[in-house]
1. What FRET efficiency comes out for Leu91 versus Ile182 if R0 is 41 angstrom and r is the Cβ-Cβ distance? Round to the nearest 0.05.
2. Between Phe68 and Leu152, what is the spin-label point distance in nm, taking each point 7 Å from the Cα along the Cα→C-beta axis?
3. If you plug each phi of segment 144-160 into the Karplus form 6.51 cos²θ - 1.76 cosθ + 1.60 with θ = phi - 60°, what whole-Hz ³J(HN,Hα) values come out, in order, with x for Gly and Pro?
4. Given R₀ = 25 Å, what would the calculated FRET efficiency be for Val79 paired with Trp102, taking r from the Cβ atoms and rounding to 0.05?
5. What list of ³J(HN,Hα) couplings, whole Hz, do you get for segment 53-65 from phi and the Karplus terms 6.51, -1.76, 1.60, once you set θ to phi - 60° and write x for glycine and proline?
6. Please give the peptides 141-151, 42-52 ranked by average Cβ packing (other Cβ atoms within 10 Å per residue), highest first, as a rough proxy for protection.
7. What is the calculated FRET efficiency for Leu171 to Arg18, with r their C-beta to C-beta distance and R₀ = 41 Å, to the nearest 0.05?
Amino acid sequence: MEQNEIQAAAPKKGLVRRLYDWVLHWADTPYGTPALGALAFAESSFFPVPPDVLLIALGIGRPKRSFFYALVCSCASIVGGLLGYAIGALLWGAVSEFFFRWIPGFTPEVFGRVQALYLQYGFWIVFAAGFTPIPYKVFTICSGVMSLNLPLFLLASSVSRSARFFIVSALIFFFGEPIKRIIDKYFNLLSVVFVVLLVGGFALVKFAF
């Protein structure tokens, strides 16, 4: 069988898996650390793949630098959150349709629920979003739309995002390669679990408050 026929016969990867592989390939280049910073920055406002996957790959390659990678990831994510805040505060009227149409999990219904929650739980909503599977970008942008106090926004983002990435790096430091093998072997299952957690997070937003 010719190579083209073999490629045609191979099952096609889903979009999320292709994005995952594209993100992961940066770990094998000299640009892994800048790519990690760029990914963490972008994920805070529009990019769908979390930076954890590249953080794990880089940390496994150089375990002694895993906490440095967590610092890069945290700082870039916090700065990216400021971009999300600025989008909400200054540009939301012009760009809202783009986000509702193209960004996974970013729907008018979800955004409306989050806006309602800000009236009561502004600081804690940002804190929860930074640490959990709930899409952080929804909350950074909504923070700008709702004019959440900027120092409080920065405090919530800094604590929650840093905690998340440093916990990941601690797991890498102590367990290393098994973490990557689990992700590679059970990616589809983990994707389903992530979606369940995501839906569960929005269900909590909808029904618990």
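Rule-based calculations on the coordinates, nothing more; no lab input. Note that this is a predicted model, so its numbers are computed, not measured. Cβ coordinates were reconstructed from backbone atoms using ideal geometry, including for glycine residues, and neighbour counts include every protein chain displayed.
1. Plugging the Cβ-Cβ distance into 1/(1 + (r/R0)^6) gives 0.55.
2. It is 3.8 nm.
3. Going residue by residue, I get x, 4, 8, 6, 4, 3, 4, x, 5, 4, 5, 5, 4, 5, 5, 5, 6 Hz, with x marking Gly and Pro.
4. Values: r = 22 Å, r/R0 = 0.89.
According to the calculation, E is roughly 0.65.
5. So the Karplus estimates, Gly and Pro as x, are 5, 6, 4, 5, 4, 5, x, 5, x, 9, x, 5, 9 Hz.
6. Going by the mean number of other Cβ atoms within 10 Å, highest first, we get 42-52, 141-151.
7. 0.95
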